[in-house]
1. Anything in the range 328-377 that is free of Cβ contacts under 8 Å to residues at least 60 places away in the same chain, aliphatic (A, V, I, L, M) and away from ligand 2 (no atom under 12 Å from the Cβ)? List them, or say none.
2. May I ask you to list the residues in the range 16-45 that are surrounded by fewer than 20 Cβ atoms within 10 Å (Cβ to Cβ) and either at pLDDT below 80 or among the acidic types (Asp, Glu) (or both)?
3. Hey, Glu288 hits all of (1) within 22 Å of Ala270 (Cβ to Cβ); (2) among the acidic types (Asp, Glu); (3) part of a helix (DSSP H, G or I) but one; which does it fall short on?
4. Kindly list the number of the only condition in (1) surrounded by 22 or more Cβ atoms within 10 Å (Cβ to Cβ); (2) more than 18 Å from Leu20 (Cα to Cα); (3) in contact with a helix residue (DSSP H, G or I) (Cβ under 6 Å, 6 or more places away or on another chain); (4) modelled with pLDDT of 95 or more that fails for Gln113.
5. Is it the case, given these coordinates, that Arg328 is among the basic types (Lys, Arg), touching a helix residue (DSSP H, G or I) at 6+ places or on another chain (Cβ under 8 Å) and within 27 Å of Leu65 (Cβ to Cβ)?
6. Check Ser275 against each of (1) away from ligand 2 (no atom under 14 Å from the Cβ); (2) modelled with pLDDT of 95 or more; (3) among the small types (Gly, Ala, Ser); (4) within 23 Å of the chain's Cα centre (by Cα) and name the one condition it does not meet.
7. Within 30 Å of Thr167 (Cα to Cα), surrounded by fewer than 16 Cβ atoms within 10 Å (Cβ to Cβ) and small (Gly, Ala, Ser): which single residue out of Gly326, Gly252, Gly336, Gly306 fits that description?
8. For the range 120-229, please list each of the helices (runs of 4 or more DSSP H) lying entirely inside it that holds at least 1 residues being in contact with a Gly (Cβ under 9 Å, 6 or more places away or on another chain).
Amino acid sequence: MLSTGSSSTEAARPLQGPPLWLLAELTYRCPLQCPYCSNPLDFARQGQELDTAQWIDVFTQARALGAAQLGFSGGEPLVREDLGELIGAARELGYYTNLITSGMGLTEKKILQFHEAGLDHIQVSFQASDEEVNNLLAGSRKAFEQKLAMARAVKAAGYPMVLNFVTHRHNIDHIDRIIDLCVALEADFVELATCQYYGWAELNRAGLLPTRTQLERAESVVNAYRTRLQAEGNPCRLILVTPDYYEERPKGCMNGWGNIFLTVTPDGTALPCHSARQLPVTFPNVREHSLAHIWYDSFGFNRFRGFDWMPEPCRSCDEKTRDFGGCRCQAYLLTGDASQADPVCSKSPHHHKILTARAEAELPQPPIEALTFRNERASRIICKG
Ligand code: SF4
Ligand code: SF4
């Protein structure tokens, strides 16, 4: 329910801390069609987007609960014409704000407008260091040129330059060229983030998962660049996020279910993580419930809190306080049961699925064109089943 106060079970609340990080997925609309997009496969049939006043109400409620960081994401958040207004409202509420964008639709004028409205941070994502590969993956012939121009404009406006490259088997062998490009652009932070295999990336996993050899080479290249950049006094920081498919233990997903992160999707559905929509769990909507109720009392946010929901082997495992049994979405996608141990864990009875995926990655690489691109048409076909 928008514009509401607290719910009735406040006495039970001190056990669970407040949400600290609010991710506002303002829209699923996007001019690009990355085949690894984390948006749901059926995004084309999602409901109507929240309007400006409804989003500001969400920000107000989350801030009252204790949220301090607000990320604007999508789809492409720049397609929302009210983005400047939303940024201004978030600043007035005292948030630290971050815009996560492909750069498509960004202009120097908008950057200045957002700066004046109080935006703290802009992250521009690229698909590759090579114009042809970048544009092929993005599904746009203009994407690379536009991204370069906007990355420079972000820096010229006084922001740190934060670049994001999603890495996979089609670009990871060029990680040196990616870093060279970032250095040439005078980037301050570079996130070299491997695909997370949910949403469209999971659909395309066989065409995206790098081999272990590719990954090890990429790690050694990044380490060599770190050493070189440091010796040269270059402040550019490289952050490499490797795929957990090559680990023996899962990551502590979202720092625990419903523990810190709160995502609100374009139609107002609230999620404990941006991928959770694909789970067979009923999640609450901000149109019907207050955020206080959603965060503390709703079924969806309590479903995997704590440890009581865990079956074996997690239930009696002494590592459960570190990784919370791993990722619920990955468990569901790979086993059909969201309460199972994440199959990345070598103790999971489903770990062989990860081993199979690693073996598939060794097969000859299909061309980029063979991937399923994230667009309305493909989403509608998937919706029809
Ligand atoms: S990953 Fe690509 S397709 Fe998905 S929202 Fe971002 S830019 Fe758009
Ligand atoms: S068995 Fe469960 S809790 Fe233990 S390490 Fe594996 S995923 Fe983590």
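1. Selection gives Leu334, Ala338, Leu355, Ala359.
2. Asp42, the sole residue that qualifies.
3. (3)
4. All conditions pass for Gln113, except number (1).
5. Working: among the basic types (Lys, Arg): yes; touching a helix residue (DSSP H, G or I) at 6+ places or on another chain (Cβ under 8 Å): yes; within 27 Å of Leu65 (Cβ to Cβ): yes.
Answer is yes for this residue.
6. So the condition that Ser275 fails would be (2).
7. Sole residue among the options that is within 30 Å of Thr167 (Cα to Cα), surrounded by fewer than 16 Cβ atoms within 10 Å (Cβ to Cβ) and small (Gly, Ala, Ser): Gly336.
8. On the way: elements: 131-138, 143-156, 175-184, 199-203, 205-208.
It comes to 143-156.
The values are calculated or read from the model by the stated rules, or taken from the named source; none is laboratory data. These numbers come from a predicted model, not from an experiment. Quick reminder, even Gly has a Cβ in these numbers, built from the backbone with ideal geometry, and neighbours come from all protein chains shown.
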